[in-house]
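Engineer: My questions all concern the structure below.
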Amino acid sequence: MSDTASPPFHDETTMTTASTVTPGSSTPEDAGRWVTSRVGPKGFRTDVQAGAHSLVADEPVSAGGTDLGPTPYEYLLTALGSCMVMTLRFYADRRGWPLEAATVQLRSGRSHELDCEKCETGNVGIGVIERKIDLTGPLTDEQRVRLLQIADRCPVKQTLERGIRVETIV
């Protein structure tokens, strides 16, 4: 397999290959590209293909998974946290501020497995996400305050707060 081809999806009975994507070929048109998730005939291990990137999602062993990757809720927190620190970096760099590092820690009190058990009959999901932000560097108090405000403006956070409608295309 060439280093530009996407790795195959994992399946205990068959192997299929995702479409080929050249790493670093991201363009504004990629905004509408598909992210593909696939689970095999048993277990929860899910292979995810996002452009040239292969990821694994899973559930903990205690929930019947193999713990080979983050849970779906952990991926949601990953998307939010990475968007926040990237937004902070972008903002500080554009202003020439001395932000040496930004760390965001997130957690929720929800179990994806327990929510899956109840999703057919009730409303489930994360209601509150707790956040810690650490800004490193010789920033002024005003810069720190502004960066904390900017963390709230990251696109993923705004999307989650606004709500999302998922439409199935047949």
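The values are calculated or read from the model by the stated rules, or taken from the named source; none is laboratory data. In this text the structure is predicted, and so the values were computed from the model without any measurement. Neighbour counts are summed over all protein chains in view; Cβ atoms, including those assigned to glycine, are modelled from backbone coordinates with ideal geometry. Just so you know, the surface numbers come from the protein's heavy atoms only, side chains and all, with ligands and any DNA or RNA stripped out. Shrake-Rupley method; radii C 1.70, N 1.55, O 1.52, S 1.80 Å.
Engineer: Consider only pairs whose beta carbons are under 9 Å apart and that are at least six residues apart or on different chains; among these, list those whose first residue lies in the range 61-87 and is more than 20 Å from residue 113 (Cα to Cα) and whose second residue is assigned to a helix (DSSP H, G or I) and open to solvent by less than 30 Å² (accessible area, probe 1.4 Å).
Structural biologist: Qualifying pairs under 9 Å: 84/150; 84/151; 85/151; 87/150; 87/151.
Engineer: So which of 99, 160, 68, 77 is touching a helix residue (DSSP H, G or I) at 6+ places or on another chain (Cβ under 9 Å) and either modelled with pLDDT of 95 or more or over 30 Å from residue 40 (Cα atoms) (or both)? Let's see the steps before the verdict.
Structural biologist: Working: 160 fails: either modelled with pLDDT of 95 or more or over 30 Å from residue 40 (Cα atoms) (or both); 68 fails: touching a helix residue (DSSP H, G or I) at 6+ places or on another chain (Cβ under 9 Å); 77 fails: touching a helix residue (DSSP H, G or I) at 6+ places or on another chain (Cβ under 9 Å).
That would be 99, the only listed residue that is touching a helix residue (DSSP H, G or I) at 6+ places or on another chain (Cβ under 9 Å) and either modelled with pLDDT of 95 or more or over 30 Å from residue 40 (Cα atoms) (or both).
Engineer: Is one or more of the residues making up the range 111-124 under 24 Å from residue 157 (Cβ atoms), more than 18 Å from the chain's Cα centre (by Cα) and not in a loop (DSSP other than H, G, I, E, B)?
Structural biologist: Yes, the range 111-124 has at least one match.
Engineer: Now a separate question. Hey, any hits in the range 127-138 for a residue that's hydrophobic (A, V, I, L, M, F, W, C), open to solvent by 90 Å² or more (accessible area, probe 1.4 Å), under 23 Å from residue 160 (Cα atoms) and in a loop (DSSP other than H, G, I, E, B)?
Structural biologist: Looking through the range 127-138, at least one residue is hydrophobic (A, V, I, L, M, F, W, C), open to solvent by 90 Å² or more (accessible area, probe 1.4 Å), under 23 Å from residue 160 (Cα atoms) and in a loop (DSSP other than H, G, I, E, B).
Engineer: Tell me whether the range 145-164 contains one or more residues that are assigned to a loop (DSSP other than H, G, I, E, B), open to solvent by 80 Å² or more (accessible area, probe 1.4 Å) and under 22 Å from residue 71 (Cβ atoms).
Structural biologist: Yes, the range 145-164 contains at least one residue that is assigned to a loop (DSSP other than H, G, I, E, B), open to solvent by 80 Å² or more (accessible area, probe 1.4 Å) and under 22 Å from residue 71 (Cβ atoms).
Engineer: If I filter the range 100-107 for residues that are touching a residue at least 40 places away in the same chain (Cβ under 8 Å), surrounded by 14 or more Cβ atoms within 10 Å (Cβ to Cβ) and within 30 Å of residue 145 (Cβ to Cβ), do I get at least one hit? Break it down into steps so the answer makes sense when it comes.
Structural biologist: Our first condition is that a residue be touching a residue at least 40 places away in the same chain (Cβ under 8 Å); within the range 100-107, this holds for 102, 104.
Filter again for surrounded by 14 or more Cβ atoms within 10 Å (Cβ to Cβ), leaving 102, 104.
Imposing the further condition that a residue be within 30 Å of residue 145 (Cβ to Cβ) reduces the set to 102, 104.
Scanning the range 100-107 turns up at least one residue that is touching a residue at least 40 places away in the same chain (Cβ under 8 Å), surrounded by 14 or more Cβ atoms within 10 Å (Cβ to Cβ) and within 30 Å of residue 145 (Cβ to Cβ).
Engineer: Scan the range 99-110 for residues that are of a type in the set (Ser, Thr, Tyr) and assigned to a loop (DSSP other than H, G, I, E, B) and report the count.
Structural biologist: Result for the range 99-110: 1.
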